[in-house]
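Peer 1: Here's a structure for you.
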Amino acid sequence: MNFKECVNTSIRIAVEYYENNNAEPYFEHMSENVKWYGIAIGQKIHGLDNLKKAWSEFSNTITFTLGNIKAEYVRTSPATCEVMLMYVVTGHYPNGDVIPAFQRLQFSWADVSCIDDKGNRQRQPRIFMVHISHPIEYHKDDYLYPDHYNELYKNTKKSVQEPRISLLGTDSIFYVITLNSVIWIRSTPEHQCILHLRDKTITVRCNLSDLEKQTEGTLIRVHSSYIINPLDVKAVWRFKVELSDGTVIPIPEKKYTAVKSKLVGK
């Protein structure tokens, strides 16, 4: 079993469903005997045919946008694995309400014997169980019980579908990052990159040139070792730029005029 491919497919299924209202990748990778458990009490469907029937009868008037996706997997045997996706999904309702929720989406994958389009038998990974949950956020004053639940969820009007990149962290976790959540990026001598996000810092297995290509049009490379978000520029002065988090990034003298022009133009 290709565990990395199971992770990537799990991410693609979530993105296609929530942002393109496309459930076909879901069905394509499900076992005939799949068990699906939704977020509500008693919300369960057993069998692929029953799941397709339920989807065909369901009229969805809500649209969704996804934030950053964090993916983890556990190899349970050479032919099985568990994939957990964690993200914030925002529902946009017809009456104008915009409600975000932290969601966990767990897929149980297993290799099964399948017949392909040419009639050949081969082993392919299929989803045997889907479990969706909406855990509450952690409050600093809560230890075991959610005494401050009512303080954690509030209506918001944020509604932006942003470009994302998918990266493998040095902690072996797959991250799907919205570009506007990045403040700045620094490369390391170990051919890794440190991403300074608005809520945390992660280290990924990627070189800066690859990231420059993936973030072109949104982020700007100002130095051989640094990429920054122009929306977070606080001040620009001779050979330096200060960012919203207080970080000061050097700008090479030979590149200063061109870099300054890009930043001011933003």
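The values are calculated or read from the model by the stated rules, or taken from the named source; none is laboratory data. Values in this document were obtained by computation on a predicted structure and should not be read as measured data. For neighbour counting, all protein chains shown are included, and Cβ atoms are generated from backbone atoms with ideal geometry for every residue, glycine included. These accessible areas exclude ligands, DNA and RNA; they are computed on the full protein's heavy atoms, side chains included. Shrake-Rupley method; radii C 1.70, N 1.55, O 1.52, S 1.80 Å.
Peer 1: Going through segment 21-42 one residue at a time, which ones are at pLDDT 90 or above and open to solvent by 40 Å² or more (accessible area, probe 1.4 Å)?
Peer 2: 22, 24, 28, 32, 33, 35, 37
Peer 1: Inspect all residues belonging to segment 233-242 and state whether any of them is open to solvent by less than 80 Å² (accessible area, probe 1.4 Å), of a type in the set (Asp, Glu), closer than 24 Å to residue 67 by Cβ and in contact with a Lys or Arg (Cβ under 7 Å, 6 or more places away or on another chain).
Peer 2: No; the residues of segment 233-242 include none that is open to solvent by less than 80 Å² (accessible area, probe 1.4 Å), of a type in the set (Asp, Glu), closer than 24 Å to residue 67 by Cβ and in contact with a Lys or Arg (Cβ under 7 Å, 6 or more places away or on another chain).
Peer 1: Oh, and also: Polar (S, T, N, Q), open to solvent by 50 Å² or more (accessible area, probe 1.4 Å), touching a strand residue (DSSP E or B) at 6+ places or on another chain (Cβ under 8 Å) and at pLDDT below 90, is that true of residue 8?
Peer 2: no
Peer 1: For segment 43-56, indicate whether the set of residues that are farther than 19 Å from residue 166 by Cα, open to solvent by 90 Å² or more (accessible area, probe 1.4 Å) and hydrophobic (A, V, I, L, M, F, W, C) is non-empty.
Peer 2: no
Peer 1: Counting only residues that are touching a Pro at 6+ places or on another chain (Cβ under 6 Å) and in a strand (DSSP E or B), which one in segment 59-90 is surrounded by the fewest Cβ atoms within 10 Å (Cβ to Cβ)?
Peer 2: 88
Peer 1: Okay, moving on. Can you name the residue in segment 151-180 that is open to solvent by 30 Å² or more (accessible area, probe 1.4 Å) and in a strand (DSSP E or B) and, of all such residues, is modelled with the lowest pLDDT? It would help to see each step written out before you state the result.
Peer 2: Pass one, segment 151-180, residues open to solvent by 30 Å² or more (accessible area, probe 1.4 Å): 151-164, 166, 168, 170-172, 180.
Imposing the further condition that a residue be in a strand (DSSP E or B) reduces the set to 164, 166, 168.
Values: 164: 86, 166: 89, 168: 91.
If we take residues in segment 151-180 being open to solvent by 30 Å² or more (accessible area, probe 1.4 Å) and in a strand (DSSP E or B), then 164 is modelled with the lowest pLDDT.
Peer 1: Oh, and also: I'd like the residue in segment 218-231 that is open to solvent by 30 Å² or more (accessible area, probe 1.4 Å) and in contact (Cβ under 8 Å) with a residue 24 or more places away in the chain and, out of all such residues, is nearest to the chain's Cα centre (by Cα).
Peer 2: Restricting to residues being open to solvent by 30 Å² or more (accessible area, probe 1.4 Å) and in contact (Cβ under 8 Å) with a residue 24 or more places away in the chain, the top hit is 218.
Peer 1: Among the residues that make up segment 130-140, is at least one of them closer than 26 Å to residue 48 by Cβ, open to solvent by 40 Å² or more (accessible area, probe 1.4 Å) and modelled with pLDDT of 80 or more?
Peer 2: yes
Peer 1: Is it the case that residue 209 is under 24 Å from the mean Cα position of the chain (by Cα) and in a loop (DSSP other than H, G, I, E, B)?
Peer 2: Spelling it out, it is not the case that residue 209 is under 24 Å from the mean Cα position of the chain (by Cα) and in a loop (DSSP other than H, G, I, E, B).
Peer 1: Still on this structure, I have one more. How many residues are in contact with a strand residue (DSSP E or B) (Cβ under 7 Å, 6 or more places away or on another chain), of a type in the set (S, T, N, Q) and open to solvent by 40 Å² or more (accessible area, probe 1.4 Å) when one looks only at segment 208-217?
Peer 2: Residues meeting the conditions: 1.
Peer 1: Can you list residue pairs whose Cβ atoms sit under 7 Å apart, with the first residue in segment 245-266 being touching a residue at least 24 places away in the same chain (Cβ under 8 Å) and surrounded by 13 or more Cβ atoms within 10 Å (Cβ to Cβ) and the second being in a loop (DSSP other than H, G, I, E, B) and of a type in the set (A, V, I, L, M, F, W, C)? Count only pairs 6 or more apart in sequence or on different chains.
Peer 2: 250/239; 251/239; 259/251
Peer 1: Failed condition for residue 183, given (1) within 30 Å of residue 92 (Cα to Cα); (2) of a type in the set (Val, Ile, Thr); (3) exposed (fewer than 12 other Cβ atoms within 10 Å of the Cβ), with all others met?
Peer 2: Single failed check for residue 183: (3).
Peer 1: Looking only at residues that are in contact (Cβ under 8 Å) with a residue 60 or more places away in the chain and assigned to a loop (DSSP other than H, G, I, E, B) in segment 20-53, which one is farthest from residue 126 (Cα to Cα)?
Peer 2: Filtering first and then ranking leaves 39.
Peer 1: Scanning segment 186-206 for residues that are assigned to a strand (DSSP E or B) and farther than 11 Å from residue 226 by Cβ, which turns out most open to solvent (accessible area, probe 1.4 Å)?
Peer 2: Narrowing segment 186-206 to residues assigned to a strand (DSSP E or B): 186-187, 193-197, 201-204.
Adding the requirement that they be farther than 11 Å from residue 226 by Cβ leaves 195, 197, 201-204.
Numbers: 195: 0, 197: 12, 201: 81, 202: 10, 203: 44, 204: 0 Å².
Top of the filtered list is 201.
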